[in-house]
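Participant: Here it is, the structure, as structure tokens.
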Amino acid sequence: MPRNTLRTVLPIASVSLFLILWTVYVRTAEVSPFVLPPPEAIVAALFEMVQTQELWDHALVTVIEAVSGFCIAVTLGVSLGFIMARVPPVEWAAKPFIVLLQLIPKIALAPLFILWFGFGLESKIVIAAALAFFPVFSNALQAFKSVEPGDKDVFVMLQANPVQRFFMLDLPNALPVVLTGAEVAVVLAMIGAIVGEFIGGNEGLGYLAVAHLQNLAVPELFGVIVILALVGLVLYTLIGRLRRWFSPWHVSTGVA
Amino acid sequence: MPFDAQVMDMEIQVSGLTKIFGDGPGAVTAIENADLALQPGEFVSLLGPSGCGKTTLLRIIAGLEAPTRGGVEVRGQSIWNGKTRSTKATRPVSMMFQEPRLFPWFSVLDNVALPLRVAKVDKKTRRDRAAQICETVGLKDFLHHRPTALSGGMRQRASLARALVTDPQVLLLDEPFGALDAMTRDALNLELMQVCARAKVTTMLVTHSISEAAFLSDRVVVLAPRPARITDIVDMPFDRPRDLDLQQSTQFQAMVGLLRRALSEGH
């Protein structure tokens, strides 16, 4: 078979095979539907869920939390990264805190944020931002530092002012790496929002998952996981598009 | 000719220039007590082996590196006041680097127009001017390409166009074609010579190629390493315009031999 046909056929075939094996296993081994429901039960549950307003309300809450947290993380990460790259003493002073914060599993801070910011949206946004911050920040720091001395010389020769240099050199030079960090960050922001919803509150897809678990509504629980995956996919794809749009020259984009 | 009378019309005046990197026992003298004067429109090459401080000399004139002692004047204005570069004195100076130093986020046209954009020239004027200069260096068909899509020779053409777009009075070239193959290099050198003559720009070229220095220059400044210093300044008595056939002439070969001896005596 030609390569291109294989590329279309093989993923479909492997997913179908996986679903068939799943169904066969659940039937022959007589697995309890409370442990692992068959695929068709999950599809049926999903079908009913997407017709309820409730699911979309919860999904919207999670998206708002994750996107807000992500935006805060990008704003803080890019500005701090730039300042520390340009003013090394700031980096030296901040270094112990950065190392310490990087070593703490940020998830462990979630209960603390609930304590500080309550059970509403705010605490989830803060958790999402805390998780999403580091990939953006460390990529931004590296990217803003890695301006080649020869490129700086060009702007010195042209007597460019700092603002001109930032917009014509530092920012476009850093953008591909910063946006690669943002791709990772948006996934982490989703995780942060959901963990926050697990711990406290009565809104969001994370809350919905826990609620279904407590009712032993296992197919619905799987349904929530599928929805979460789809939301994550949409956000990740959006940032990826953004990266390719903003840095069409970069090797990571794959066009000359 | 009395030295003082000459100073008045000099485009570039380098006097007692010394640059020492580091201090204490680890200090390295990159250039020692260099004196040099360029007349307007003159093409002068700095010729020497690697490590003789020729690039450092160029960078001090460009205002990219502060001298330890001595000074540089362009059109009677000091480039350096102590460790501070004068933005006014460096304004008529343009520099082309070893690497093209084009920015992949701009098109070829926008790269060439960059100096005008920084100088806040309006969009239409700077694009027209950039397109015009691109045409003179043979880039007419590549204006809207990305620099990454160009060959090495084409990139250096764009880099040259960017250096000339502001109509500089002084053009500094740091081994601009060193990384190119011999044929492209010959072609570009020929064009460089024509463009510089047309623009009446005072040019200073750093090179380690003897024939390149002899072919392009009115005068060749020979430098020696350890300690880095100027050992000789040799006139190149060839008529202009010059073409590539000049390099086959016995007179040219004789000058190349002379420069080679001057270089080896410096060691």
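The values are calculated or read from the model by the stated rules, or taken from the named source; none is laboratory data. From a predicted model like this one, the values you see are computed outputs, not experimental measurements. Cβ: placed from backbone, ideal geometry, glycine included. Neighbour counts: every protein chain shown.
Participant: Residue by residue through the range B:157-181, note down the ones that are in a helix (DSSP H, G or I), in contact (Cβ under 8 Å) with a residue 60 or more places away in the chain and more than 12 Å from B:VAL195 (Cβ to Cβ).
Facilitator: B:SER159, B:ARG162
Participant: Restrict the check to the range A:155-162 and report whether at least one residue is within 14 Å of chain B (Cβ to nearest Cβ), outside any helix (DSSP H, G or I), surrounded by fewer than 16 Cβ atoms within 10 Å (Cβ to Cβ) and free of Cβ contacts under 8 Å to residues at least 60 places away in the same chain.
Facilitator: The answer is yes, given that some residue of the range A:155-162 is within 14 Å of chain B (Cβ to nearest Cβ), outside any helix (DSSP H, G or I), surrounded by fewer than 16 Cβ atoms within 10 Å (Cβ to Cβ) and free of Cβ contacts under 8 Å to residues at least 60 places away in the same chain.
Participant: On to the next question. Filter the range A:202-220 for residues that are surrounded by 20 or more Cβ atoms within 10 Å (Cβ to Cβ) and of a type in the set (Gly, Ala, Ser) and give the result.
Facilitator: Of everything in the range A:202-220, those that are surrounded by 20 or more Cβ atoms within 10 Å (Cβ to Cβ) and of a type in the set (Gly, Ala, Ser) turn out to be A:GLY204, A:GLY206, A:ALA209.
Participant: Additional query: Suppose we keep only residues that are surrounded by 12 or more Cβ atoms within 10 Å (Cβ to Cβ) and out of contact with any Pro (no Cβ under 9 Å at 6 or more places or on another chain) within the range A:235-247. Which one would you say is modelled with the lowest pLDDT?
Facilitator: The extreme case among them is A:ARG244.
Participant: Select, from A:GLY181, A:GLY223, the only residue that is surrounded by 20 or more Cβ atoms within 10 Å (Cβ to Cβ), within 16 Å of A:TRP56 (Cβ to Cβ) and either free of Cβ contacts under 8 Å to residues at least 40 places away in the same chain or not β-branched (Val, Ile, Thr) (or both).
Facilitator: Of A:GLY181, A:GLY223, the one residue that is surrounded by 20 or more Cβ atoms within 10 Å (Cβ to Cβ), within 16 Å of A:TRP56 (Cβ to Cβ) and either free of Cβ contacts under 8 Å to residues at least 40 places away in the same chain or not β-branched (Val, Ile, Thr) (or both) is A:GLY223.
Participant: Is it the case that some residue within the range B:160-181 is under 23 Å from B:LEU116 (Cβ atoms), within 16 Å of the chain's Cα centre (by Cα), polar (S, T, N, Q) and at pLDDT 90 or above?
Facilitator: Yes, the range B:160-181 contains a residue that is under 23 Å from B:LEU116 (Cβ atoms), within 16 Å of the chain's Cα centre (by Cα), polar (S, T, N, Q) and at pLDDT 90 or above.
Participant: Here's something else I'd like to know. Search the range A:169-227 for residues being of a type in the set (Asp, Glu) and in a helix (DSSP H, G or I), and hand back the single one that is nearest to the other protein chains (Cβ to nearest Cβ).
Facilitator: Here the residue is A:ASP170.
Participant: Another question about this same structure. What residue, of B:GLU42, B:GLU11, is surrounded by fewer than 20 Cβ atoms within 10 Å (Cβ to Cβ) and acidic (Asp, Glu)?
Facilitator: B:GLU42
Participant: Now for a different question. Considering only the range A:128-175, how many residues are among the polar types (S, T, N, Q) and closer than 20 Å to B:LEU114 by Cβ?
Facilitator: Qualifying residue count, the range A:128-175: 4.
Participant: Which residue, of A:ALA182, A:ALA193, A:ALA189, A:ALA174, is among the small types (Gly, Ala, Ser) and either touching a Ser or Thr at 6+ places or on another chain (Cβ under 7 Å) or outside the structural domain of A:VAL210 (by TED's automatic domain parsing) (or both)?
Facilitator: Going through A:ALA182, A:ALA193, A:ALA189, A:ALA174 in turn, just one is among the small types (Gly, Ala, Ser) and either touching a Ser or Thr at 6+ places or on another chain (Cβ under 7 Å) or outside the structural domain of A:VAL210 (by TED's automatic domain parsing) (or both): A:ALA193.
Participant: Can you report the number of residues in the range B:57-78 which are more than 12 Å from every other protein chain (Cβ to nearest Cβ) and buried (at least 23 other Cβ atoms within 10 Å of the Cβ)?
Facilitator: Residues flagged as more than 12 Å from every other protein chain (Cβ to nearest Cβ) and buried (at least 23 other Cβ atoms within 10 Å of the Cβ) within the range B:57-78 amount to 5.
Participant: Moving to a separate point now. Residues of the range A:139-154 being surrounded by 17 or more Cβ atoms within 10 Å (Cβ to Cβ) and facing chain B (nearest Cβ under 7 Å), which ones?
Facilitator: Answer for the range A:139-154, where residues must be surrounded by 17 or more Cβ atoms within 10 Å (Cβ to Cβ) and facing chain B (nearest Cβ under 7 Å): A:ASP151, A:ASP153, A:VAL154.
Participant: Among the helices (runs of 4 or more DSSP H) contained in the range A:1-96, which hold 3 or more residues that are within 26 Å of the chain's Cα centre (by Cα), of a type in the set (A, V, I, L, M, F, W, C) and surrounded by 10 or more Cβ atoms within 10 Å (Cβ to Cβ)?
Facilitator: Output list reads A:39-49, A:53-86.
Participant: Look through B:ASP235, B:ASP239 and report the one residue that is under 21 Å from B:SER15 (Cα atoms) and out of contact with any Ser or Thr (no Cβ under 6 Å at 6 or more places or on another chain).
Facilitator: Only one candidate qualifies: B:ASP235.
Participant: So which of B:LEU150, B:LEU164, B:LEU216, B:LEU205 is of a type outside the set (Gly, Ala, Ser), touching a strand residue (DSSP E or B) at 6+ places or on another chain (Cβ under 8 Å) and within 14 Å of chain A (Cβ to nearest Cβ)?
Facilitator: B:LEU164
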